[in-house]
Amino acid sequence: MDAQKITAATVRADFNDLPAVVHYTRAAHELGLWSSERALIERNFPDRSAPLLEAGCGAGRVTIGLWSLGYRNLTAFDFAQELVDQAISLAAERGAEGIRFLHADATDLAPHASVLAPPFAGALFLFNGLMQIPGRENRRAALRELHRVCRPGAQLLFTTHDRDSSPTERVLWRLEAQRWTRGEQDQRLVEFGDRYFEDEAGRTFMHLPDRREILDDLAATGWRHIFDAMRAAVAKESRAVLDFSDECRFWVAARGISPS
Ligand SMILES: C[S@@+](CC[C@H](N)C(=O)[O-])C[C@H]1O[C@@H](n2cnc3c(N)ncnc32)[C@H](O)[C@@H]1O
């Protein structure tokens with residue numbers, strides 16, 4: 001029997017599933033912003049009254065972190081309704097008033113045109129949410145949508161993994177490349193670089209790019225690369241953050257005039 005390819009519907013169902021909801025809700029309540037996120041947010045979004053858009057907000061870990069730092073013009077969305085409900089309830093509990101929460105898909109923001117205007121001064125897609133969109137064209141669609149709803153010069157902050165981040169990773173991905181050459185990869189995967197696994201957070205789809213792929217995707221969708229660095233080079237994280245999350249690469253890009 002043919003294995004079903006992973007789609008956006010698979011990913012949405014996995015994030016709406018109980019283990020994921022518990023995992024991300026706990027992080028939103030207990031963990032808050034990582035030191036690296038805080039440093040890059042404060043560096044790249046100095047105006048706390050500027051309209052910011054957070055994609056893939058989940059249960060609100062970053063959203064509430066932004067609000068706690070004094071950002072007061074926030075719109076946050078996620079395509080997993082269960083997580084958005086948790087974010088709304090945490091915002092109410094923390095007295096974080098005025099945050100606009102939406103149930104929306106990053107690859108198609110057109111249905112939300114009235115809420116997503118006027119253009120945003122910045123956008124965030126943190127903790128690898130962009131890489132949880134299966135299919136490179138779909139990730140590019142999300143980058144184009146963020147470009148469309150942001151004003152020229154707006155900055156985009158996001159994270160990814162990096163297949164070349166360590167010698168061990170490079171060896172593991174060389175072996176995976178051989179499996180793809182032989183057609184022996186997990187048949188549910190869409191592209192080389194994809195992973196689909198299960199742990200205490202439930203089932204997780206993740207695309208792991210190399211650096212070149214992201215540089216090309218930014219250029220193809222009208223974003224100008226400004227900065228990238230591995231998290232360990234940005235800030236030292238607490239044990240709790242290291243237990244919650246793998247090493248990742250931070251990216252900052254600026255919105256060009258029009259997508260190429
Ligand atoms: C790793 S979680 C991070 C959640 C939250 N930002 C955090 O750091 O705790 C990635 C989030 O991206 C969301 N996501 C993935 N694809 C999406 C899409 N196409 N549109 C909107 N949200 C999406 C998932 O539902 C999930 O909540």
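Values quoted throughout were computed directly from the atomic coordinates according to the rules given, and no laboratory measurement underlies them. Nothing here was measured: the structure is a model prediction, and the numbers come from that model. Quick reminder, even Gly has a Cβ in these numbers, built from the backbone with ideal geometry, and neighbours come from all protein chains shown.
Figures for the structure shown
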{"item": "Angle in degrees between helix 167-182 and the longest Cα principal axis of the chain, rounded to the nearest 10", "result": "60"}
{"item": "Inter-site label distance for LEU69 and ALA220 at 7 Å from Cα along Cβ, in nm", "result": "3.0"}
{"item": "Ranking of TYR71, TYR24, TYR196 by count of other Cβ atoms within 10 Å, fewest first", "result": "TYR196, TYR71, TYR24"}
{"item": "Shape of segment 92-136, Cα gyration tensor, a/c cut at 1.5", "result": "oblate"}
{"item": "Value at 222 nm in deg cm²/dmol, rounded to 500, when DSSP H runs of n ≥ 4 in the chain each add -39,500 (n - 2.57)", "result": "-11500 deg cm²/dmol"}
{"item": "Ranked list, fewest to most other Cβ atoms within 10 Å of each Cβ, for CYS57, CYS150", "result": "CYS150, CYS57"}
{"item": "Percentage relative contact order, segment 8-255, counting C-alpha pairs under 8 Å, at least six apart", "result": "21"}
